[in-house]
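Enquirer: Dropping a structure here in structure tokens format, bear with me for questions.
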Amino acid sequence: MSVKQSDQWCLILGASSGMGKACVRLLSSQGMNIIGVHLDQAANQPSVDELITEARNNGAEVRFFNENAASDSARAKVLEEMQQRLSRAGGVKVLVHSLAFGSLLPFIRRSPSQEVLNRRQMDMTLSVMAHSLVYWVQDLFERRLLLAGAKVFALTSAGSSRVTKNYGAVSAAKCALESHIRQLALELAPEGISVNAIRAGVTVTPSLEKIPEHQALIEHARRTNPHGRLTETADVAGAIALLSGATSSWITGNVVGVDGGEILTS
């Protein structure tokens, strides 16, 4: 059964998997319309179509763009259509930045054949996972598509302060992302727009499974998390939905832990 739909819109960057996918499901079920940006090959399109259908069955108006969210031209294309589509609603109430695409390579070469991180890979990782948040917020604000009182979220991790030998570029990106969160929170406070980072616990997602050491991370988190289980994408979406419903902008500029206490015992 569909729910009564409102004119509230949520823009989700990285909407087709992991945390973004969970947000599409939950926020659409709670009465929000969804604009999703994702980057998928044709083989994954059936899964994307199922997600869109599920959100529409919840009563949501849905528009997905299969575009590179870190591309300036793609961002302009999406925002141009958004400006036309959201003319009645006025703009975006919730922005979720859930982009997880970066290079997982060590900095130091230990053998002649070993691949190590280069400048292009470092720049790309920080651009996609951190700097793109700033560019989206800038353009949304300048186009008057970010409503007063809106909520902005970005996904960080404990990797902002903890590293493995292959995680250096992503760790740097998470540090930069958290810094951007603080700066955006400061500059958007006059509009009552809150900006927060969500630090999820170890969560099994396609991006986690690309980390060479992911199995050890999973086993350690499962063993030490006070709840006796891993964080799930639904836990993260639930926290974002909860904070999105707040009428106050006083919770802003923070790194909010959504990990079941994992960071306390790991």
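The values are calculated or read from the model by the stated rules, or taken from the named source; none is laboratory data. All figures in this text were calculated on a predicted structure; none of them were measured in a lab. Every residue, glycine as well, gets a Cβ built from its backbone with ideal geometry; the counts of neighbours run over all protein chains shown.
Enquirer: Among the residues of segment 99-120, is any in contact (Cβ under 8 Å) with a residue 24 or more places away in the chain, crowded, with 17+ Cβ neighbours inside 10 Å, in contact with a strand residue (DSSP E or B) (Cβ under 8 Å, 6 or more places away or on another chain) and not aromatic (Phe, Trp, Tyr)?
Expert: Yes, some residue in segment 99-120 is in contact (Cβ under 8 Å) with a residue 24 or more places away in the chain, crowded, with 17+ Cβ neighbours inside 10 Å, in contact with a strand residue (DSSP E or B) (Cβ under 8 Å, 6 or more places away or on another chain) and not aromatic (Phe, Trp, Tyr).
Enquirer: State whether one or more residues within segment 199-221 are within 24 Å of Arg144 (Cα to Cα), among the β-branched types (Val, Ile, Thr) and part of a loop (DSSP other than H, G, I, E, B).
Expert: no
Enquirer: Here's something else I'd like to know. Does segment 106-116 include one or more residues that are outside any loop (DSSP other than H, G, I, E, B) and at pLDDT 95 or above?
Expert: Let us first name the residues in segment 106-116 that are outside any loop (DSSP other than H, G, I, E, B), namely none.
No, segment 106-116 contains no residue that is outside any loop (DSSP other than H, G, I, E, B) and at pLDDT 95 or above.
Enquirer: Using beta carbons and a limit of 6 Å, which pairs, at least six apart or on different chains, have the first residue in segment 79-98 and closer than 15 Å to Leu243 by Cβ and the second one among the aliphatic types (A, V, I, L, M) and assigned to a helix (DSSP H, G or I)?
Expert: If the second residue must be among the aliphatic types (A, V, I, L, M) and assigned to a helix (DSSP H, G or I), the pairs left are His97/Leu133; Ser98/Met19.
Enquirer: Same structure again: Residues that are in contact with a Leu (Cβ under 7 Å, 6 or more places away or on another chain), under 24 Å from Asp139 (Cβ atoms) and modelled with pLDDT of 95 or more: which helices (runs of 4 or more DSSP H) entirely in segment 9-97 hold 2 or more of them?
Expert: Details: elements: 18-29, 45-57, 72-85.
Hits in segment 9-97: 18-29.
Enquirer: Ala237: closer than 30 Å to Pro106 by Cβ, in a helix (DSSP H, G or I) and touching a Leu at 6+ places or on another chain (Cβ under 6 Å), yes or no? Full working, then the answer.
Expert: Numbers: closer than 30 Å to Pro106 by Cβ: no; in a helix (DSSP H, G or I): yes; touching a Leu at 6+ places or on another chain (Cβ under 6 Å): yes.
The answer is no for Ala237.
Enquirer: From the list Ser161, Ser171, which residue is within 16 Å of the chain's Cα centre (by Cα) and farther than 30 Å from Met82 by Cα? Spell out how you get there, then give the answer.
Expert: On the way: Ser161 fails: within 16 Å of the chain's Cα centre (by Cα).
Going through Ser161, Ser171 in turn, the sole match is Ser171.
Enquirer: Quick one: is Ala176 aliphatic (A, V, I, L, M), over 18 Å from Gly20 (Cβ atoms), in contact (Cβ under 8 Å) with a residue 40 or more places away in the chain and touching a Leu at 6+ places or on another chain (Cβ under 7 Å)? Walk me through it before giving the result.
Expert: Values: aliphatic (A, V, I, L, M): yes; over 18 Å from Gly20 (Cβ atoms): yes; in contact (Cβ under 8 Å) with a residue 40 or more places away in the chain: yes; touching a Leu at 6+ places or on another chain (Cβ under 7 Å): yes.
The answer is yes for Ala176.
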